[in-house]
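The values are calculated or read from the model by the stated rules, or taken from the named source; none is laboratory data. Computed from a predicted model, the values in this text were never measured in an experiment. Please note: Cβ atoms are built from the backbone with ideal geometry, for glycine as well, and neighbour counts cover all protein chains shown. All accessible areas refer to the heavy atoms of the entire protein, side chains included, with ligands and DNA or RNA removed. Shrake-Rupley method; radii C 1.70, N 1.55, O 1.52, S 1.80 Å.
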Amino acid sequence: MHARIESPALTVPGALEALQKLRDAVGQTGIPETTLSLVELRASQINGCSICVDIHSRELRIAGEPDERIFLVAAWREAPYYTDSERAALALTEAATRLADRADAVSDELWEEVSRHYDEQQLAGLVLLIASMNAWNRINAVTRQVSGAWIGGWLAGRAEASEAA
């Protein structure tokens, strides 16, 4: 497998940094990091983005999440491993990722359920995270970016940079 071109996020000056800053901002909203990673993983599964599925699965494992929670994200409705707040975030992720699947993409009932678990800043963070994850998925899928062993080294480098900061 070969990518069609180098990642546009690396090619366009400032794009990678802008996408990373958006994720960093979302991380400051008070949503648990595990929930953010579950949302990223679920959107990536829906969109078939192998790089992002690989990254966010590994992030969850590094965070100490049990395999059951990682492996069953795609079947979260039928799995007993998720909290009510995580379920609400995953439901929002699916609806916002599949906007064209229904006339009322995100129903009032769904929004009310998500609002029971997250405050306004966190709701805004979830919406931004889902939108940015969909952007990443589209960037990677359109250009056929290839996942692989390099992900482990990249994650380790990111962890070292975080610890140094």
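Things worth noting here:
- Residue match in region 115-132 (condition: farther than 27 Å from Ala3 by Cβ, without any contact (Cβ under 8 Å) to a residue 40 or more places away in the chain, under 15 Å from the mean Cα position of the chain (by Cα) and open to solvent by 60 Å² or more (accessible area, probe 1.4 Å)): yes
- Output for region 54-84, where each listed residue is open to solvent by less than 40 Å² (accessible area, probe 1.4 Å) and among the aliphatic types (A, V, I, L, M): Ile55, Leu60, Ile70, Val73, Ala75, Ala79
- Ser44 meets all of the listed conditions (1) over 22 Å from Gly125 (Cα atoms); (2) in a helix (DSSP H, G or I) but one, namely (1).
- Residue check for Ile31: within 24 Å of Asn140 (Cα to Cα), surrounded by 13 or more Cβ atoms within 10 Å (Cβ to Cβ) and of a type in the set (A, V, I, L, M): no
- Of the residues screened, Leu92 is one that is of a type outside the set (S, T, N, Q), without any contact (Cβ under 8 Å) to a residue 60 or more places away in the chain and within 23 Å of Asn140 (Cα to Cα).
- Selected residue (only one of Ser107, Ser147 is on the phi < 0 side of the Ramachandran plot, at pLDDT below 95 and either of a type outside the set (Asp, Glu) or more than 17 Å from the chain's Cα centre (by Cα) (or both)): Ser147
- Flag if Leu110 is in contact with a Phe, Trp or Tyr (Cβ under 9 Å, 6 or more places away or on another chain) and of a type outside the set (Lys, Arg): no
- The residues in region 64-85 that are within 24 Å of Leu123 (Cβ to Cβ), part of a helix (DSSP H, G or I) and over 17 Å from the mean Cα position of the chain (by Cα) can be counted, and the count is 2.
- Subset of region 95-114 [surrounded by fewer than 20 Cβ atoms within 10 Å (Cβ to Cβ) and in a helix (DSSP H, G or I)]: Ala95, Leu99, Ala100, Asp101, Asp108, Glu109, Leu110, Trp111, Glu112, Glu113
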